[in-house]
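This report concerns only the one structure given below.
The values are calculated or read from the model by the stated rules, or taken from the named source; none is laboratory data. What you see is a predicted model; the values in this text were computed from it and never measured. Note: ideal-geometry Cβ built from the backbone for every residue, glycine included; neighbour counts use all protein chains shown. In case anyone asks, the SASA skips ligands and DNA or RNA and just uses the protein heavy atoms, side chains included. Shrake-Rupley method; radii C 1.70, N 1.55, O 1.52, S 1.80 Å.
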Amino acid sequence: MDPMEIFFESPLYQKAEEIDDTLKSIAKLIPEKKVFLVFMNGLIIKASGRITHNLIKAEENKRYDRKMYSAALVRSACLEISGLGEEFRKRGFSDSKYFSIVDRQIEEFRILFLEWVASFDSKQFITDKWGIFNPPGISIDHIQNPDDIAHLLTDDDDDDNGEDIINKFLGDDDD
């Protein structure tokens, strides 16, 4: 079985899907005439999609620093969902009680998430010069032997792609 297929069956990914399904069910209860609630729901659904998207990105990558970056985005999306759920409560959404289910699911997800992050291989990294996504004990001025990280650089096609996106955004696209 493909490693990603195994991951899709993992309790972590399944819990993320469960959160997404619950949020989509809640979305059906939002009255269309409540424009601001519909808007906030769009934000929640996008945040939910970022959870699964970034779980996949992290799982597909070998590098600790990239996995941690994706994990931080997952955490951010979970916090956004919780915050927006609270906003639904404050704004008097009649079915906001269902967000307590989402809160419980996010807490269950958080426990699985912590186990998953702890499984990241902290030896497979390229030093993060910002220092945020380095493994514990690695400073921003850590010097790596190029031979030790060459195998990580061969899989590193995102840097060129990121530059292409920036050039396209800035209008420097020569195509």
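The figures follow:
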read-out	value
Top of Tyr13, Tyr98, Tyr69 by mean-square fluctuation, Gaussian network on the chain, Cα under 10 Å	Tyr98
Ratio of Rg to Rh over segment 40-124 (Cα coordinates, Kirkwood Rh, two decimals)	1.06
Carbon and sulfur %, accessible surface of the chain computed with the full protein complex present, 1.4 Å	55
In Hz, Karplus ³J(HN,Hα) per residue of segment 125-132 (6.51, -1.76, 1.60; θ = phi - 60°; x = Gly, Pro)	8, 10, 3, 8, 5, 8, x, 7
Trypsin sites (Lys or Arg not before Pro) within segment 86-136, DSSP loop, no more than 11 other Cβ atoms inside 10 Å	Lys123, Lys129
Long-range amide H partners of Asn134 with built H, under 5 Å	Asp128
Sequence of Phe8, Phe88 when ordered by accessible area, the most exposed leading, probe 1.4 angstrom	Phe8, Phe88
Under Karplus coefficients 6.51, -1.76 and 1.60, residue-wise ³J(HN,Hα) of segment 15-22 in Hz, glycine/proline x	5, 4, 5, 4, 4, 4, 5, 5
12 Å beta-carbon shell around Met4, net charge (K/R +1, D/E -1)	-4
Segment 75-151 - convex hull of alpha carbons, volume per residue in Å³	117
Size of the chain as Cα extents on the principal axes (Å, biggest first)	60, 43, 35
Gaussian network model of the chain, Cα within-10 Å springs - most flexible of Phe113, Phe39, Phe93	Phe39
Å² per residue, accessible surface of the chain at 1.4 Å	63
Relative contact order for the chain, counting Cα pairs under 8 Å that sit 6 or more residues apart, in percent	22
For the chain, built as a Gaussian network whose Cα springs stay under 10 Å, the top-fluctuating residue of Ser139, Ser122, Ser82	Ser139
